[in-house]
1. Among Gly410, Gly390, which is within 22 Å of Ile446 (Cα to Cα), in contact (Cβ under 8 Å) with a residue 40 or more places away in the chain and surrounded by fewer than 19 Cβ atoms within 10 Å (Cβ to Cβ)?
2. Looking only at residues in segment 420-462 that are charged (D, E, K, R), more than 27 Å from Trp235 (Cβ to Cβ) and touching a helix residue (DSSP H, G or I) at 6+ places or on another chain (Cβ under 7 Å), which one is modelled with the highest pLDDT?
3. Restricting the first residue to segment 306-319 and requiring it to be more than 28 Å from Leu225 (Cβ to Cβ), which pairs with a second residue that is modelled with pLDDT under 90 and open to solvent by 40 Å² or more (accessible area, probe 1.4 Å) meet a Cβ separation below 7 Å and a spacing of at least six or different chains?
4. Considering only segment 1-97, give the helices (runs of 4 or more DSSP H) lying wholly within it that have at least 2 residues that are out of contact with any Gly (no Cβ under 8 Å at 6 or more places or on another chain), modelled with pLDDT of 65 or more and open to solvent by less than 80 Å² (accessible area, probe 1.4 Å).
5. When residues of segment 522-557 are filtered for being more than 26 Å from Thr703 (Cβ to Cβ), in a loop (DSSP other than H, G, I, E, B) and touching a residue at least 40 places away in the same chain (Cβ under 8 Å), how many remain?
6. Out of all the residues in segment 413-440, which are within 17 Å of Met179 (Cβ to Cβ) and touching a Leu at 6+ places or on another chain (Cβ under 7 Å)?
7. Can you say whether Gln519 is among the polar types (S, T, N, Q) and touching a residue at least 40 places away in the same chain (Cβ under 8 Å), as far as the supplied structure shows?
8. At least 1 residues that are at pLDDT 90 or above and buried (at least 21 other Cβ atoms within 10 Å of the Cβ) in each: list the strands (runs of 3 or more DSSP E) lying fully within segment 169-279 that qualify.
Amino acid sequence: DYWRLQPNQQWAMKVLLGEGFERQLLVDLGQAARIYPLLWEGLETDRPVGLLLDMDAAVDFLQESAWVLESAGFKVVVPSWWTAAGRRRLKLRLNARQGQTSNDKSKTYFSLSNIVEYEYELALGDDTITKKEWQQLVRAKTPMVQIRGQWVVLDPSKIEEMRTLLEQQPQQTSLLGFMRISAEQGDAVDVQCDRNSALGEMMAQLNNPSQIDITEDPDEFCGSLRNYQKRGLAWVRYLERLGLNGCLADDMGLGKTIQVIARLVQEREPDADTAAAGHGPTLEPTLLICPTSVIGNWYHELAKFAPLLRATIHHGPQRVKDTDAFGELCAEQDVVITSFSLARRDRQLLQTVDWHRLVLDEAQNIKNPQAAQTKAINQIAAPHRLALTGTPIENRLMDLWSIFHFLNPGYLGNQKQFKEQFEAPIQREQDPRQSQVLRQLVEPFILRRVKTDQRIIQDLPDKVEQKLFCNLTKEQASLYAATVKDVMQQIQAADGIKRKGIMLATLLKLKQICNHPRQFLQDESEFAPSRSHKLMRLTEMAAEVIEEGESLLVFSQFTEIGAALEQYFRQACHYNTYYLHGGTSRKRREKMITEFQQAQTPPSVFILSLKAGGVGITLTKANHVFHFDRWWNPAVEDQATDRAFRIGQQKKVFVHKFVAVGTLEERIDEMIEDKKKLAGAIVGSDESWLTELDNESFKQLITLNQRAVL
């Protein structure tokens, strides 16, 4: 611009900036020309006011050289329409609408029986490009053209992609197909749906579950859902009414189980469509597949929160195996509970029933798509499917594919397609584009809430307690039954102090059996999870806690169990482990506590005997507390829990109490919880209060219930 000025104006600038100004300007332009050599052409004159560029050179300058010059310290001015704020990109717009209607009488919900019709159109910003303008673009041989007074850069490969899509319309697809198209197009295509239409409302709510109307507690649900649990219930209900299947992936301790139970109750209650009939719909049973270690817990929780639901366990050697008898049994049930191993072994039997829903608890058990267990489960037909897991991806992305293949087959393509499109680019090359596409694909079908989310934390009490009901293994059951038979013969012939001594010794033996056969037998045999469902479940939950980067405390009143757990977690699971008991020296005790509490220490397992670790120490690094066996005194257990739940604790504390189903542990737990049965009595600090029971009451207390065995 300096050389465009009149002579008197140039003189004024020289006076203002100094005689060396013109020379310095030429030097600076020469330096710029070294970066962008085409500037030399403009400098080959006594008045270097500019140079003309052809279309290719102009595009190259705007896309590359301008930013190089600016990075070198030169001020570069580009047209406003080229800047991010002013640019109107040429892109495709996908307009979608609901196609043919289904026979569904509901006018408010879109479903898989509907077809999505969609077509592409070309747009510049918010303006639609006409067919005539599009033909001009296709015929253009230059990298930049002017449309409606605005320059637009053309990428030949993109133009070809656009032409292919534009020539393939109008098109139709399923709801899942449309969701896949929407996610895969990303920023290249604007996906537009009328927000006032069923399709537009559905897409908005699937992409933002907070827009789904919250669901209140079902009338027949015997409990109280927290706000985030009500939202989870609403989300499951919404997906099912759309004909879609999802994965409830809440953190451990946030209540996935009761959200599912609430849904089972809710769907059997009258709604707007069935209220006139005065009763809820009649539904086929739900098949619940879970790890063997939690079968008892599911059965007990169903009885507690939904006593009106009819539930049965399909497990063990006495289970029904005849096809007709099994069909009759299932027809009388609302929920049938079985294990992953039996889902494979009894796959033909399970396939004979028309299930309403198939629920997988700990769905990471089907992460291997080639496993016979996974294949068997995928062959069980049900219109609704629900996966529960806190770890949808345990080791690799194929874990996620396997769960989604169970939920919505074909949505993520077949294994080969998924591996080529997502697994290889993301895991090997860390491709951010494909990571984002996969995220957009799966987000509508995964509801994940974590304990660190402030919105969840505000809705949780400071301490969340839950009981974990575990069944006995065959070995445990046989030892338990033999012990009960022997002791009842002894009690009949004893009285006074001797009788009380026999009763106390029996309680001790039965508690040992409920923990692990090795503790009762005192034979130093294998301390394996396969011999005790308590240990199996503790192993599973400890792995989840450690995976989340958190630490845990495990309390037991038996030093032999503490020692076995310490060795097991350290050697078999390779966790950083500590063990505190009555024989621990003061110096060793303080050293362990200090090490455990240090911020840089990895997630750890701290095992404590109830008496030695129940008072006087602070272990706030842990926010999960497990009571492996029960002291049967709430005050003593609370004191132990307070090692983690005390001043200095920055997280919510989750307390897990193990109870062996069908044994004295379950019955005593019921006695403690039932204030009417206790009639205000004060439970002592040990089991001595139980010795006041008469022989028949004691027999009822310790007799093995058939529900105990799996």
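The values are calculated or read from the model by the stated rules, or taken from the named source; none is laboratory data. Keep in mind that what you see is a predicted model, and the values were worked out from it rather than measured. Every residue, glycine as well, gets a Cβ built from its backbone with ideal geometry; the counts of neighbours run over all protein chains shown. Areas reflect the complete protein model, heavy atoms only, side chains present, ligands, DNA and RNA absent. Shrake-Rupley method; radii C 1.70, N 1.55, O 1.52, S 1.80 Å.
1. Checking each option against the conditions leaves just Gly410.
2. In the first step, residues of segment 420-462 are kept if they are charged (D, E, K, R); the result is 420, 423, 428-429, 431, 433, 439, 443, 448-449, 451, 453, 455, 459, 462.
Now narrow it down to the ones that are more than 27 Å from Trp235 (Cβ to Cβ): 420, 423, 428-429, 431, 433.
Add one more test, that the residue is touching a helix residue (DSSP H, G or I) at 6+ places or on another chain (Cβ under 7 Å), and what stays is 423, 431.
Numbers: Glu423: 86, Asp431: 82.
Here the residue is Glu423.
3. Qualifying pairs under 7 Å: Gly316/Val709.
4. Values: elements: 7-17, 21-35, 39-43, 55-60, 66-71.
In segment 1-97, the matching helices (runs of 4 or more DSSP H) lie at 21-35, 55-60, 66-71.
5. Residues in segment 522-557 being more than 26 Å from Thr703 (Cβ to Cβ), in a loop (DSSP other than H, G, I, E, B) and touching a residue at least 40 places away in the same chain (Cβ under 8 Å): 4 in total.
6. The answer is Phe418, Phe422.
7. yes
8. 246-248
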